Structure formats: structure tokens, C-alpha cells
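Q: Pasting in a structure now, in C-alpha cells, and then I'll have a few things to ask.
Every number here is computed from the coordinates shown, using simple stated rules; none is lab data. All of these numbers come straight from a predicted model, not from anything done at the bench. Please note: Cβ atoms are built from the backbone with ideal geometry, for glycine as well, and neighbour counts cover all protein chains shown.
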Amino acid sequence: MKNIINTILSHFKDVKPTLKIESNDSNFKYELGVDSLDMAEFIARIEQEYRIEIPDEDWSQIASINLLAKYIANANQ
Amino acid sequence: MKLKQQHKTILIVKPQFSSDVKSEENFILLQNTYKKYGIEVHVISYNIRPSYNEIQSQVQNQDAVLLIGDAKCYPKNALKFPFIKTSENKNIPIAWLPIRNSEDLFTFSKTINEVHGRKQDQCAVALLSQKHPRFTRIVDRMATILNAPSLSPYKWSSNLLLRESMIEGLESGLGLATYFGHGRPIGWVGYYGLRSHHFENKKAKPVGALLSLCCKTASRKNTAISFCEQLVLDGKTAVSFGAVDSTLHTDNTRWSVGITKALLSGANTIAELIVQATPKNLSSYTHYRLIGDPLAPIYSTKETALFANNIKTYP
């Protein structure tokens, strides 16, 4: 799980280089101010990295780094 | 001459031109053009267009498939996807070439000869988009990320230059161009409405591959020949990539990330680019079709890159 979180953080840093993440539970939209365009690129990068599919309907379930890491871990099982 | 083209194979599925001697002659010319550049050609001639499954059973050991057929057939019906799966689950790009007469085959052969025959020094890629933050953002991101010695990205969004300058740049023979924005069967919404007739320079060099990551530019709704098909038939690009239906912005963002990654990992033909860049979700690729040469190189000459550098933009 730690590896997944590190990978997510590195992609997140590429997409939003100036953003500081205080907690891995921070909500992308409401606490970190990630807009839908940033989110689209971020998700696309994660999908490419892990060769998984994250349908647009599932985006609400992956509202923070921890939730996204769990989603990826489940998808890879 | 630095040619990156390696030994490749292509399966061409074509109609039997039994009474049309001119078409048969021009087809042989096309076959010989591919052979001239070290591409092994396998041919299947048909009376009734073979089904997807019939083609699928023949694609073993091929790098790409080109399906030639009557232009009365829509790209949407001619192919299911921009690639075909082998029995080992490998994706092989498949392209559609609509032909109205023997002249179309001749023009296509000439384009193939030009794009395969030029030096492939640099991947000069035009990043095009409609003037809207949603699309210019993708172009900005791609331009930032495509930072490698063999890549020359040009940020030519509609807010940065005139349509005429953008076309002048493309007509210098760029290897690759990608467009993000709204699209219609007759062309792009960006650049004050771009249509195929805007490419009017008769002496222009063809683009290697022109990718329209937007809705419907390969759709035939309310038009005889779609924008994507027309550009190939006019010899303006060796291959075009466009949608036969509406697409989602999130899916096109997935394509932008995939294309960027594929370019950075050294894809040098449209075949490699499409196979590497295809997102995993069905909705991302199900509406897209390849029109033209599925093995078109996306690299071009240093001179082209220098010319593109001098295209005037207004930042």
C-alpha cells in the first residue's frame, strides 16, 4: 500500500506541482482544490501506470489519496 | 539518411478490381511503394467485404492491417475499433481506406511514398486545440511534458496563432498533429471552423498523422465524405484518426496522457503510437477509427522542425 501511495503522490506532484498535501485523507476537490481538469489528467495517469480502468462514475469514491490507493489495491487483486 | 523504419509487415484487404484495370495498376503501385520501404505486404482480395472475425483469423504475425473498400461504406461500419485483436490478445492497428475511383489509390500511394521516404530525424508534433481553457490546458500540459531531444512540440492552440499560420506549419510536412476541442463531421470547431478545403496549397507536404481527439470528425452524418477521410484522400495526411460518434472529454484526456507517454517511450509510427496510447476503458477507443496508412511514420525532417519553429504565434 505504501508503494501505491508514493506512486500516487508522485503523479499528483506532476499534475499539481505547487500543491502541498498535509494529509492523505484530504479531499481532492474540497480541501485540495483539485478541479475536474486536473482530476481527469491525474486519473488518466493512474490508469496508465497501473493499467486499470477507473470509470468516470467511480470518481466520487476516490476522493482522497487513501481512498484511491485502496481502490487501486482492490482493482489489482 | 537516418531512417527509423524497421522491417514491418502489413496485411492489405482489398476488393477485386476485376474490370477496373486502372485501380489494379494503382494498387500494384501502392504495394510496390510499401515494399520500397522494406514493408512486407500480404494481400487478401475479396468480392464481399470480409467480416471482422474473418480478418481477425488472418492477422497473425502482422504489424498492421489496411482495409480498402468502396467509399460508400461508412468508417463506422467498415471497422469496429482502431485495432484488431489477435488470438493472443495482441492489438494490431487496422485502418480504413475509402476509395471512390482509381485516382484515390494513386494519390494515397504518392502520400505513402512521400512520408515513408523522407528523413525521420525528429518528431515534430503540432499540439492543436480550440480556444477554450479545457482544451488549451491539455496542449499546455503536453508541451511541458514532451521534453526529450527527439521531440519538438509546437503549442499552436487556436488562441495563439492564425488558422493560416497553423495550416502553413502543418503543410511543411510535420510528423504528427493532435487536435483537442469540439469536432463535426465536416471539420474542427477550433480555428474559426477548420475544413478540409482550407488545406489549399497544392505543393504542400503531407502530415505523417493527424489525430482529431474530438467528436465525429470521421462520421458521415450530413456529409458525403468525413473530414478525416477527405484529408487522406486529398493527400494532406498519410493517416488520420477521428471519431465516428460523440466522445467524452475525460476519455480524450486519457488519450492525451497515453499519447504523451507513448511519444516519450519512443513510438515512431502511428501503429506504435495508437497501440501504446490506447486507454483501457472501452468508451475511450470504441468510437475512434484510423483512416489511411496504419504504418505511417510520425517523425519528419530537421528542416521541417526548423520551419515550424518560425511559425508566428502570439503568446
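Q: What pairs from B:K8/B:K110; A:K20/B:K131; B:K203/B:K261 go past 22 Å between their alpha carbons? Show your work: numbers first, answer last.
A: On the way: B:K8/B:K110 19 Å; A:K20/B:K131 30 Å; B:K203/B:K261 33 Å.
Correct reply: A:K20/B:K131; B:K203/B:K261.
Q: I've got another one for you. Dividing the Cα convex hull volume of chain B by residue count, how many Å³ per residue is that?
A: Numbers: hull volume 37.0 nm³, N = 315.
For chain B, the hull spanned by Cα atoms encloses 117 Å³ per residue.
Q: Stick to Cα atoms and the Kirkwood definition of Rh, then tell me Rg/Rh for chain A. Each step should come with its number before you reach the end.
A: Values: Rg = 11.2 Å, Rh = 12.4 Å.
The Rg/Rh ratio comes out at 0.91.
Q: What's the center-to-center distance, using Cα atoms, between region B:30-102 and region A:22-63 in Å?
A: Each part's Cα centre sits 38 Å from the other's.
Q: Right, something else. Between A:Y30 and A:Q61, what FRET efficiency follows from the Cβ-Cβ distance if R0 is 22 Å, with the result rounded to 0.05? Working shown, then result.
A: Values: r = 15 Å, r/R0 = 0.68.
It comes to 0.90.
Q: Does anything in region B:289-315 have its amide N under 15 Å from the 7 Å Cα→Cβ label point of B:L162, and if so which residues?
A: Within reach of a label on B:L162: B:311-315.
Q: Would you mind working out the magnitude of the charge dipole of chain A relative to its Cα centre, with +1 at each Lys and Arg C-beta and -1 at each Asp and Glu C-beta, to the nearest 20 Debye? Intermediate results must be reported in sequence, preceding the final value.
A: Details: 8 positive and 13 negative charges, 72 e Å.
Roughly 340 debye for chain A.
Q: Quickly rank B:227-236, B:56-65, A:47-56 as a protection proxy: mean count of other C-beta atoms within 10 Å, highest first. List each step's numbers first, then the result.
A: On the way: B:227-236: 25.2, B:56-65: 18.2, A:47-56: 16.2.
Output ranking for B:227-236, B:56-65, A:47-56: B:227-236, B:56-65, A:47-56.
Q: P(r) for region B:194-288: what percent of alpha-carbon pairs falls in each 5 Å bin, starting at zero?
A: Percent of Cα pairs in each bin: 3, 14, 22, 22, 18, 14, 6, 1, 0.
Q: Among DSSP beta bridges lying fully in chain B, give the percent that are antiparallel, nearest 5.
A: Details: 14 of 54 bridges.
About 25 percent, rounded to the nearest 5.
Q: Given 25 °C and 0.890 mPa s, how large is the Stokes-Einstein diffusion coefficient of the protein assembly as shown in µm²/s, with Rh as the Kirkwood radius over Cα pairs? Present the calculation step by step, with values, prior to reporting the outcome.
A: On the way: Rh = 21.5 Å.
Reported coefficient: 114 µm²/s.
Q: Which angle between 0 and 90 degrees, to the nearest 10, do you get for helix A:36-50 versus the longest principal axis of chain A when only C-alpha atoms count?
A: Long axis of A:36-50 versus the principal axis of chain A: about 40 degrees.
Q: Take peptide B:140-150, look around each residue's Cβ out to 10 angstrom, count Cβ atoms belonging to other protein chains, and average those counts. List each step's numbers first, then the result.
A: Working: counts 0, 5, 0, 0, 1, 2, 0, 0, 0, 0, 0.
Whole-number average of other-chain Cβ neighbours for B:140-150 is 1.
Q: Please average, across the residues of A:45-52, the number of beta carbons from any other chain that are within 10 Å of each residue's own beta carbon, and give a whole number.
A: On the way: counts 6, 1, 7, 10, 2, 1, 2, 2.
Neighbouring Cβ atoms belonging to other protein chains average 4 per residue here.
Q: Please list, in chain and number order, the residues 5+ apart from B:R184 or on another chain whose amide H is under 5 Å from its amide H, with Hs placed from the backbone.
A: B:V189
Q: Taking θ as phi - 60°, what are the ³J(HN,Hα) couplings along region A:63-69 by the Karplus curve (6.51, -1.76, 1.60), each to the nearest whole Hz, with x for Gly and Pro?
A: My calculation for region A:63-69 gives 7, 9, 4, 4, 5, 5, 4 Hz in order.
Q: Among A:I52, A:L19, A:L37, whose Cα sits farthest toward the positive end of the charge dipole of chain A (+1 at Cβ of Lys/Arg, -1 at Cβ of Asp/Glu, about the Cα centre)?
A: The listed residue farthest towards the positive side: A:L19.
Q: With +1 on the Cβ of every Lys and Arg and -1 on the Cβ of every Asp and Glu, and nothing else charged, how large is the dipole of region B:1-143 about its Cα centre, in debye rounded to the nearest 20?
A: Numbers: 21 positive and 13 negative charges, 138 e Å.
Using only the charged Cβ atoms, the result is roughly 660 debye.
Q: Taking K and R as +1 and D and E as -1, what net charge do the other residues with C-beta under 10 Å from the C-beta of A:I54 add up to? Display every interim value, and only then the final one.
A: On the way: positive: B:R254, B:K280; negative: A:E47, A:E53, A:D56, A:E57, A:D58.
Every neighbour counted, the sum reads -3.
Q: Would you mind putting B:254-261, B:275-282, A:17-24 in packing order, based on average other-beta-carbon counts within 10 Å, highest first? Please list the in-between numbers first.
A: Numbers: B:254-261: 24.5, B:275-282: 18.2, A:17-24: 10.4.
Listed from highest to lowest mean packing, they are B:254-261, B:275-282, A:17-24.
Q: For chain B, build the charge dipole from Cβ charges (+1 Lys, Arg; -1 Asp, Glu) around the Cα centre, then report which of B:F180, B:F17, B:H132 sits farthest towards its positive end.
A: Working it through, the farthest residue towards the positive pole turns out to be B:H132.
Q: Amide H of A:N27: which non-local residues (sequence gap of 5 or more, or other chain) have their own amide H closer than 5 Å, using H built in the peptide plane?
A: Those qualifying (amide H under 5 Å, at least 5 residues apart or on another chain) are A:L32.
Q: At a Förster radius of 25 Å, what calculated FRET efficiency corresponds to the Cβ-Cβ distance of B:D245 and B:T223, to the nearest 0.05?
A: The calculated FRET efficiency here is 0.95.
Q: Mind scanning B:K76/B:K312; B:K155/B:K216; B:K14/B:K85; B:K76/B:K236 and naming the pairs with a C-alpha gap bigger than 31 Å?
A: Flagged as over cut-off: B:K76/B:K312.
Q: If we sort B:238-244, B:76-82, B:210-216 on the protection proxy, mean other Cβ atoms within 10 Å, highest first, what's the order? Intermediate results must be reported in sequence, preceding the final value.
A: Numbers: B:238-244: 28.9, B:76-82: 18.9, B:210-216: 27.0.
Going from most to least packed, we get B:238-244, B:210-216, B:76-82.
Q: Which one, B:G190, B:T107, B:L151, projects farthest toward the positive side of the charge dipole computed for region B:93-197 from Cβ point charges (K/R +1, D/E -1)?
A: Sorting the options by dipole projection puts first B:G190.
Q: Another question, then. Express in whole angstrom the spacing between the alpha-carbon centres of region B:239-315 and region B:194-217.
A: A separation of 14 Å, based on Cα centres.
Q: Still on this model: Quick one: which residues, 5+ away or cross-chain, put their amide H under 5 Å from the amide H of B:L290? H built at 1.01 Å from N.
A: HN-HN under 5 Å from B:L290: B:W96.
Q: Against the 2.2 N^0.38 Å scaling, with N counting residues, where does region B:1-148 land? I'd like the Cα-based Rg ratio to two decimal places. It would help to have the intermediate numbers written out before the result.
A: Numbers: Rg = 18.0 Å, N = 148, 2.2 N^0.38 = 14.7 Å.
Against the compact-globule rule of thumb, the ratio is 1.23.
Q: List the DSSP H helices in chain B whose Cα atoms stretch 20 Å or more along the helix axis and whose mean Kyte-Doolittle hydropathy is at least -1.0. Don't skip to the answer; put the middle values down first.
A: On the way: long enough: B:21-36 (22 Å, -0.81); B:102-117 (23 Å, -0.40); B:249-264 (22 Å, -0.29).
Passing helices, by number: B:21-36, B:102-117, B:249-264.
Q: Quick check for me: using +1 on Lys/Arg Cβ and -1 on Asp/Glu Cβ, what's the dipole size of chain B about its Cα centre, in debye to the nearest 20? Write down the numbers at each step before the final one.
A: On the way: 38 positive and 24 negative charges, 143 e Å.
My answer is approximately 680 debye.
Q: So how far apart, in nm, are the two label points at A:E22 and B:S87 if each is 7 Å from Cα heading toward Cβ?
A: 6.1 nm
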